[in-house]
Amino acid sequence: MLKNVAEPEPESLDVTPTTPKAKSRTKVFALNAKDKYYALLFLGPSVLLLALFVFYPMIKTLYISLFLTSGLGKTTVFAGLGNYVRLLTSADYLNSLGVTLIYVFAVTILTIALGLLLAHLASETLPGIGIFRTLFSATMGVSVSVAAIFWLFIFNPSTGFLSLLSNWLHLPVINWLTQPNTAMVAVVITTVWMNLGFTFLILLGAIQSVPTSLYEAASVAGAKPGYQFFHITIPMISPTLFFVSIITLIGSFKSFGLIDLITKGGPTNATNMLVYRIYKDAFYSGNFAQASAESIILTVIIALFTLLQFKILERRVNY
Amino acid sequence: MSIVLENVSKRFDNDPETLTDISAEIQTGEFFVIVGPSGSGKSTLLRMIAGLGSISGGEIKINGRVVNDLAPKDRKLSMVFQSYALYPFLNVWNNVAFGLNARKIAKVDIKDRVAKALDMVGLTEFKDRKPRELSGGQRQRVALARAVADDSNICLMDEPLSNLDAQLRIKMRQEIYNLQRKLGLTLIYVTHDQVEAMTMADHIMVLNDRQVQQIGTPSEIYQEPANEFVAQFFGTPQINLLPAVKTAGSQTSLDITADFALNLNQTIPATEVKVGIRPNDLTIADSSELNANAVVDNIEYLGDETIVYATLNSGTAVRVLVDGQANFRSYQPVQIGASGKVMLFDSKGQRLHLTKEAMSYA
């Protein structure tokens, strides 16, 4: 860091705070009585709301997951880690875990790749580019239910667009939503389509904030556009890429609405993702203990992935 | 002839202002400075030479070849940007090597050239630093090293020193100058700073209102400015431009704002002119209130010289450069005259050339 500068020049533009972080933190907490009162006053409402709707349910879920429950959700017998053991040895649950992972990675990778491609194309300043920017980001304004109905129409085997297209091209008509593999593809396509608007917009913003002089310097120095994209654009927007990938990853782990409206977890559990499973176990089967344990496992999985991504972020996106 | 500009012009779509009929010849190994106030079109011109801006008319030739439609990478030149354009995610070494890597030059060559370039700007020990860990001057040097490592004989610089403080600017000015001389670079350097232009250039192109005002050596520009704008742009404090009319009944004498007369010892080509006198060519002397033609407003003591700001009786403000020892004070009545070196400009601001050195009398 700057401390190692052998020959500190007076014109140094970098102003690094000399006080360590911990010091400034104690400063924040060194409040007088009146400030403390105001601090609590302002924090109070949000702390109350979080406690009521986040912390309490979380703790309660953890608690329930260690018991067996009645059909009404009352805890009956202490089960320890029994619920967890049963889940992690059940082929059915492991299947859900597997399809969720496939779904999550497919969605994240495709969303980022397509979003990046569209953002890169739309970052060009051409006449009428605003129309494309609006179109590409339009899915941000579409609600899950509308999107699901829209795609159900497209996937419909007798009247859907894809079937009409297959007929016209003399290809066999695929019954998208009734076969395990194609159902997964259909759900992935739909989710990627839903995610694309937001991802596109965020990445477009990042690409546009890269100083043009970097590209100009590169083109004078002899770098071709492709080289510039991979050696300037990608590294420059890497913080944003990581942000978007975390958001997309967590979002797809939590996918529920589209699954419920398009496949209901079927066919034969091929798209029975973790969150949808929790919902069915809890509110269809009344097995609240198992659903709670599933929730905790999902939370741990998401936390691990997020942690991993932050580790990578720290190492790779450091400029 | 390294670079030739022939009637180069630039029109912007929604902008009535254009860069018109720019012509110049820049010799190989020359330090060529394009100077002008902001909005004069100097950066636009440089970007056209680099290939970053399109050319609406005329021709740009590099080493005899018309490059109008050539992509920047094919023009074989290097460029230093005002913002330095360093890649924040690359260390110093890789920043310098960026263009070489992009052009897939042999690794051994790259290593050699980068090492040499870093050594030349004295940054070898900083090669692993990221740009944010460098001071402004060091960042500037990385940008220079990048241009040096490129090995192209033509280098373009767009206000490279404007982000540095005054002292460092002087230091880097000398470093750039030495580098240019050592490598025999053909350097086209854009600046708004007349001091940078005067101190470094072999030839200066003065731009204003998107037109060439004058091209010449620093001394030509200063001694023989082509017009009022050039005369005012160069030299601190600024030249005095005093409205004058031919003295009634005389062909050789001028009345300067009714305050003092000037005998030019030759026929004056116009009745109404502006007389340009550099502050050090004006004379100033203490005077009784009765004989005085001016009053001192204030003075700026600079050490070995002093600038005296005074107002002539007619209301025209003048600047006079005097010795640092001279003792003037505000509200002092003074007698101002000219010592002989004067320039005449017509009503359109164009220089009227005199046949003989002017004789003057206060």
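The values are calculated or read from the model by the stated rules, or taken from the named source; none is laboratory data. Quick caveat: nothing in here was measured; it's all calculated off a predicted structure. Please note: Cβ atoms are built from the backbone with ideal geometry, for glycine as well, and neighbour counts cover all protein chains shown. The protein model used for the area step is the full one, side chains on, heavy atoms only, and it has no ligands, DNA or RNA in it. Shrake-Rupley method; radii C 1.70, N 1.55, O 1.52, S 1.80 Å.
Please go through the range B:138-159 and pick out each residue that is at the interface with another protein chain (Cβ under 10 Å from one of its Cβ atoms) and touching a Gly at 6+ places or on another chain (Cβ under 8 Å).
B:Arg146, B:Ala149, B:Asp150
So if I check each of A:Leu110, A:Leu118, A:Leu126, which one is open to solvent by 60 Å² or more (accessible area, probe 1.4 Å), farther than 22 Å from A:Ile259 by Cα and out of contact with any Lys or Arg (no Cβ under 8 Å at 6 or more places or on another chain)?
Sole residue among the options that is open to solvent by 60 Å² or more (accessible area, probe 1.4 Å), farther than 22 Å from A:Ile259 by Cα and out of contact with any Lys or Arg (no Cβ under 8 Å at 6 or more places or on another chain): A:Leu126.
How about the range B:66-90: which of its residues are at the interface with chain A (Cβ under 8 Å from one of its Cβ atoms) and not in a loop (DSSP other than H, G, I, E, B)?
B:Pro72, B:Lys73, B:Leu77, B:Ser78, B:Met79
Search the range A:196-208 for residues being open to solvent by 20 Å² or more (accessible area, probe 1.4 Å) and touching a helix residue (DSSP H, G or I) at 6+ places or on another chain (Cβ under 8 Å), and hand back the single one that is nearest to B:Ser83 (Cα to Cα).
Among them, the one singled out is A:Gly205.
Would you say B:Val96 is in a helix (DSSP H, G or I), more than 11 Å from chain A (Cβ to nearest Cβ), under 24 Å from B:Tyr189 (Cα atoms) and of a type in the set (A, V, I, L, M)?
When the stated conditions are applied, B:Val96 does not pass them.
Looking at B:Asp128, B:Asp109, can you tell me which residue is over 30 Å from B:Thr20 (Cα atoms), more than 9 Å from chain A (Cβ to nearest Cβ) and outside any helix (DSSP H, G or I)?
After applying the criteria, what remains is B:Asp128.
Per-residue answers, yes or no, for (1) under 23 Å from A:Leu101 (Cα atoms); (2) of a type in the set (S, T, N, Q):
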{"position": "A:Phe132", "(1), (2)": "no, no"}
{"position": "A:Val146", "(1), (2)": "no, no"}
{"position": "A:Asn156", "(1), (2)": "no, yes"}
{"position": "A:Gly160", "(1), (2)": "no, no"}
{"position": "A:Asn175", "(1), (2)": "no, yes"}
{"position": "A:Ala183", "(1), (2)": "yes, no"}
{"position": "A:Thr191", "(1), (2)": "yes, yes"}
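For (1) of a type in the set (A, V, I, L, M, F, W, C); (2) open to solvent by less than 20 Å² (accessible area, probe 1.4 Å), each residue gets a yes or a no:
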position: B:Ser250; (1), (2): no, no
position: B:Leu254; (1), (2): yes, yes
position: B:Val273; (1), (2): yes, yes
position: B:Leu282; (1), (2): yes, yes
position: B:Asp297; (1), (2): no, no
position: B:Ala317; (1), (2): yes, no
position: B:Leu321; (1), (2): yes, no
position: B:Gln325; (1), (2): no, no
position: B:Phe328; (1), (2): yes, no
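Within the range A:209-227, take every residue that is assigned to a helix (DSSP H, G or I) and closer than 14 Å to A:Ser123 by Cα and give me the one that is least open to solvent (accessible area, probe 1.4 Å).
My answer is A:Tyr215.
Within the range B:180-204, how many residues are among the hydroxyl-bearing types (Ser, Thr, Tyr) and assigned to a helix (DSSP H, G or I)?
1
Filter the range A:247-280 down to the residues that are of a type in the set (S, T, N, Q), under 15 Å from the mean Cα position of the chain (by Cα) and surrounded by fewer than 20 Cβ atoms within 10 Å (Cβ to Cβ) and list them by number.
Scanning the range A:247-280 gives no hits.
Filter the range A:167-195 down to the residues that are more than 30 Å from A:Met140 (Cβ to Cβ) and either in a helix (DSSP H, G or I) or open to solvent by 80 Å² or more (accessible area, probe 1.4 Å) (or both) and list them by number.
Hits for the range A:167-195 are A:Asn167, A:Trp168, A:Leu169, A:His170, A:Leu171, A:Pro172, A:Thr178, A:Gln179, A:Pro180.
Inspect the range A:66-73 for any residue being surrounded by fewer than 11 Cβ atoms within 10 Å (Cβ to Cβ) and either under 24 Å from A:Ile246 (Cα atoms) or not polar (S, T, N, Q) (or both) and give the result as yes or no.
Within the range A:66-73, one or more residues are surrounded by fewer than 11 Cβ atoms within 10 Å (Cβ to Cβ) and either under 24 Å from A:Ile246 (Cα atoms) or not polar (S, T, N, Q) (or both).
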